[in-house]
Amino acid sequence: MNRCGESVMREFPDVVLAYGQSDEYSFVVRKSSTMFKRRTSKLMTTFSSYFASCYVFYWNEYFPSVRPLYPPMFDGRVVSYPSLKNLRDYFSWRQADCHINNLYNTCFWSLVKKSGLSLSAAQERLSGTVSSDKNEILFSEFGINYNNVPPMFRKGSVLVWKLVPDQRSLKSKSSSASDHCTSKQPVGDPTEPQTGSTGSQVPDTGLTGPENSNDDVISSSDGLEQHRPSPAAVKMECTKKKRTVVCLHEDIIGWEFWKSNCDFISESDESV
């Protein structure tokens, strides 16, 4: 499910946030988006069909030896929320629903699989119980601390866009640095501007002169120098980042998550 949600976000970059739990996924489209001319029918059918297609397309990556028993299908609906407060209330409701359902299911299936109760008996045992009762059953009868259940099941999955180090860039920079370490450069007057092979002046970066650099200089027998980039120079080269989808399992009911992870929120929204 998370793979399908991530695929939807990558296919439609105007989706700025997604939340999934159980058999559902919710997507937030940027307020200024003009995707499909904002036609609700087009948005709903395209998102639902693409999500279902991804579900089938990636199935074998997760269950290579299990064949689906029937074709999957997902329904959908489009809702326009007038304010950030309404949007947050919606996601708070979905995450609270995730907690309630998962706590019940964890307790229910523990009674069935570990205590041997029938489905109807387990349902009857949990009838009328509240959260504290279910936590007590889990801990006293099965030694399960519900807080130790993986957060993906307790809190669901939230997908956001984040800037992360570009691993391809780091690999490329590493290769370039290695090549630079073995290249030879003529010894010259460091006070004279450097020139390329065409005679054009190379701009001073502030990192190449001995007085400004911590690069190691290795002399060779042929009168040429080999320069090894300093750690600071390599670090500067490796700071390139790319925007990608990141999956989190965090509390989205509190305001802190929205301030820390959602760049589509303006300052004026924080007081809503």
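The values are calculated or read from the model by the stated rules, or taken from the named source; none is laboratory data. Note that this is a predicted model, so its numbers are computed, not measured. Note that we place each Cβ from the backbone using ideal geometry, even for glycine, and neighbour counts take in every protein chain shown. Just the protein is used for accessible areas: all its heavy atoms, side chains included, with ligands, DNA and RNA removed. Shrake-Rupley method; radii C 1.70, N 1.55, O 1.52, S 1.80 Å.
In the assembled protein chains, residue 78 presents an accessible area of approximately 70 Å² (probe radius 1.4 Å). Modelled spin-label separation between residue 45 and residue 23, with each label point placed 7 Å from Cα along the Cα-to-Cβ direction: 2.4 nm. Counting every pair of alpha carbons in the range 1-89, the share spaced more than 15 Å apart comes to 62 percent. For the range 1-158, the fraction of alpha-carbon pairs lying more than 24 Å apart is 49 percent, rounded to a whole number. 3J(HN,Hα) couplings calculated from phi for the range 33-48 with the Karplus curve 6.51 cos²θ - 1.76 cosθ + 1.60 (θ = phi - 60°) are, in sequence order, 5, 10, 4, 6, 6, 6, 6, 4, 5, 5, 4, 5, 6, 5, 4, 5 Hz; Gly and Pro show x.
Residues in the range 78-149 average 60 Å² of solvent-accessible surface per residue, probe 1.4 Å, ligands and nucleic acids excluded. Modelled spin labels at residue 32 and residue 130, positioned 7 Å past Cα toward Cβ, are 4.7 nm from each other. The lysine pair count for the range 1-135, using Cα distances under 22 Å and pairs eight or more places apart or on different chains, is 4. Entry note, the range 1-134: relative contact order of 18 percent, from Cα contacts under 8 Å with a spacing of 6+ residues. Here the calculated FRET efficiency for residue 141 and residue 77, from their Cβ-Cβ distance with R0 = 51 Å, stands at 0.80, rounded to the nearest 0.05. Only one residue of 16, 26, 5 has its Cα farthest out toward the positive end of the dipole of the range 3-59, where Lys and Arg carry +1 and Asp and Glu -1 on Cβ, and that residue is 16. Of the solvent-accessible surface of the range 58-125, computed with a 1.4 Å probe over protein heavy atoms with every protein chain present, carbon and sulfur atoms account for 57 percent.
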